[in-house]
Amino acid sequence: MKEINISNLTKKLSEKYGINLRGYLLSDRIELRPIDIEYGVGFIIKIKIEWRNLSAEFIPDNFSGRLINTMGASEKYKRNIFRLIATNWSLNNAIYMKVNGEEVNAIEPDHWRDNWSHLYIQLCQTPVIKDELDTHQLENLIIDISGCLLGLILSLLPLEEATIEEGTDGLPEGALTRIEVNRYERSSVNRQACLSIHGHSCKVCNFDFEDKYGEIGKGYIHVHHIVPVSEIGLNYNINPEKDLVPVCPNCHVMLHKKNPAYTVNELKSIISSNMKIRKG
């Protein structure tokens with residue numbers, strides 16, 4: 001295997017998804033483990049680079065039954081986020097999913113069975129000819145596939161459902177969650193689901209940071225809440241496909257130049273009218 005920078009890889013994924021990861025570079029594979037979930041009841045993501053094939057697998061720990069059961073009991077809006085991410089991945093790649101040993105369709109969560117005790121997910125990308133890739137290109141592919149799988153897993157877990165009050169000693173036994181200051185703080189999973197669906201170009205002006213700045217701009221873009229966070233009710237569940245949109249920082253500022261904010265189409269119209277005035 002090429003000399004993968006495992007520290008850099010885990011750092012990028014941790015920053016994207018807001019979960020602390022530890023990476024292991026082995027002779028025939030890479031393993032990623034969330035360190036916020038106790039060893040033995042969590043999971044690993046196993047990435048293998050084989051002949052013309054790159055794969056990432058969700059492997060639960062031996063005593064992860066509670067975690068799997070929690071994923072199977074996820075609410076409909078969480079399953080919808082899973083569906084959106086899975087659908088986008090399956091456009092050009094393969095996804096396999098088994099629940100309790102039976103194969104299920106990852107993009108049809110309404111047909112999933114209840115009461116999960118076992119779960120297996122594998123993402124595959126082909127063709128990937130590792131000898132034709134430099135280390136940097138290979139790392140980017142690994143980040144893409146492992147990030148997609150991580151997004152699928154986290155979308156079914158209650159990672160932002162709980163808040164903790166000052167002076168509270170901890171969470172109830174078995175709670176699979178991390179602490180957020182605000183439930184509607186801009187969720188990393190929702191953000192990545194939005195970008196998975198809509199891409200990284202600004203939906204107003206089409207600016208793409210990677211096109212302009214190369215590698216340092218890869219993956220950078222703001223995500224705009226069409227309905228402002230301050231106006232979201234306590235029981236509102238964000239739909240990353242309809243409620244979020246990628247925009248560049250300049251357009252993001254302009255969208256909020258009035259209250260309520262301009263729509264994407266309104267700002268596009270303003271840009272178009274201004275260009276006509278300048279040309280005239």
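How large is the Kirkwood hydrodynamic radius of the chain, in angstrom, based on all distinct alpha carbon pairs? It would help to have the intermediate numbers written out before the result.
Values: mean 1/r = 0.0490 Å⁻¹.
Its Kirkwood hydrodynamic radius stands at 20.4 Å.
Suppose every K and R has +1 on its Cβ and every D and E has -1 on its Cβ; what is the size of the dipole of the chain about the Cα centre, in Debye to the nearest 20? Present the calculation step by step, with values, prior to reporting the outcome.
On the way: 32 positive and 36 negative charges, 234 e Å.
Its charge dipole is roughly 1120 debye.
Once label points are set 7 Å from the Cα along Cα→Cβ at both ALA94 and LYS76, what is their separation, rounded to one decimal in nm?
3.3 nm
On a full-extension model of 0.36 nm per residue, what is the gain between GLU50 and ASP134, subtracting their alpha-carbon distance, rounded to one decimal in nm? Before the final figure, lay out each step's value.
On the way: separation 84, 0.36 × 84 = 30.24 nm, distance 1.54 nm.
Length gained, GLU50 through ASP134: 28.7 nm.
How much length, in nm to one decimal, is gained on full extension between ASP114 and PHE63, taken as 0.36 nm per residue of separation minus their Cα-Cα distance? It would help to have the intermediate numbers written out before the result.
Working: separation 51, 0.36 × 51 = 18.36 nm, distance 1.92 nm.
Going from the current span to full extension adds 16.4 nm.
Over 30 Å between C-alpha atoms is what I'm after, so list which of LYS48/LYS218; LYS98/LYS218; LYS12/LYS98 land there. Please list the in-between numbers first.
Details: LYS48/LYS218 24 Å; LYS98/LYS218 33 Å; LYS12/LYS98 28 Å.
Result: LYS98/LYS218 exceed 30 Å.
Report, in deg cm²/dmol and to the nearest 500, the calculated mean residue ellipticity at 222 nm for the chain, where each DSSP H run with n ≥ 4 adds -39500 (n - 2.57) and the sum is divided by the residue count. Show your work: numbers first, answer last.
On the way: 8 runs with 95 residues, N = 280.
-10500 deg cm²/dmol, from helical runs alone.
For the chain, find the longest principal axis of its Cα atoms and tell me its angle to the long axis of helix 264-279, 0 to 90°, nearest 10.
Orientation of helix 264-279: about 40 degrees from the principal axis.
What is the packing order of peptides 36-49, 124-137, taking the mean over residues of other C-beta atoms within 10 Å and listing the highest first?
Working: 36-49: 17.0, 124-137: 12.9.
Taking the mean over residues of other Cβ atoms within 10 Å, the ranking is 36-49, 124-137.
List the residues whose amide H sits under 5 Å from the amide H of PHE43, counting only those 5 or more places along or on another chain, with H placed 1.01 Å from N in the peptide plane.
Sorted by chain and number, the residues that satisfy this are ASP61.
So if R0 is 35 Å, what FRET efficiency would SER269 and LEU25 give, r being the distance between their Cβ atoms, rounded to the nearest 0.05?
Details: r = 51 Å, r/R0 = 1.45.
Efficiency at R0 = 35 Å is approximately 0.10.
Could you work out the relative contact order of the chain, using alpha carbon pairs under 8 angstrom and six or more residues apart, expressed as a whole percent? Don't skip to the answer; put the middle values down first.
Details: 432 pairs, mean separation 41.7, N = 280.
For the chain, the relative contact order is 15 percent.
Of the peptides 95-101, 190-196, 54-60, 210-216, how do they stack up when ordered by the mean number of other Cβ atoms within 10 Å, highest first? List each step's numbers first, then the result.
Working: 95-101: 15.7, 190-196: 23.0, 54-60: 20.1, 210-216: 10.7.
Listed from highest to lowest mean packing, they are 190-196, 54-60, 95-101, 210-216.
Ordered by residue, what ³J(HN,Hα) values in Hz, to whole numbers, does the stretch 194-210 give under the Karplus form 6.51 cos²θ - 1.76 cosθ + 1.60, where θ = phi - 60° and Gly and Pro are x?
Computed from phi, the couplings for the stretch 194-210 are 4, 5, 5, 7, 9, x, 10, 8, 4, 6, 9, 10, 6, 5, 10, 5, 5 Hz.
Going by the alpha-carbon gyration tensor, a ≥ b ≥ c the square roots of its eigenvalues, is the stretch 186-280 rounded (a/c under 1.5) or, if a/c is not under 1.5, prolate (a/b greater than b/c) versus oblate? Let's see the in-between values first.
Numbers: a/c = 2.53, a/b = 1.23, b/c = 2.06.
Note, shape of the stretch 186-280 comes out oblate.
Computed from the coordinates by the stated procedures, all read-outs in this text should not be read as laboratory data. Just so it is clear, the model here is predicted, and its values are computed rather than measured. Note that each Cβ is placed from the backbone with ideal geometry, even for glycine, and that neighbours are counted across all protein chains shown.
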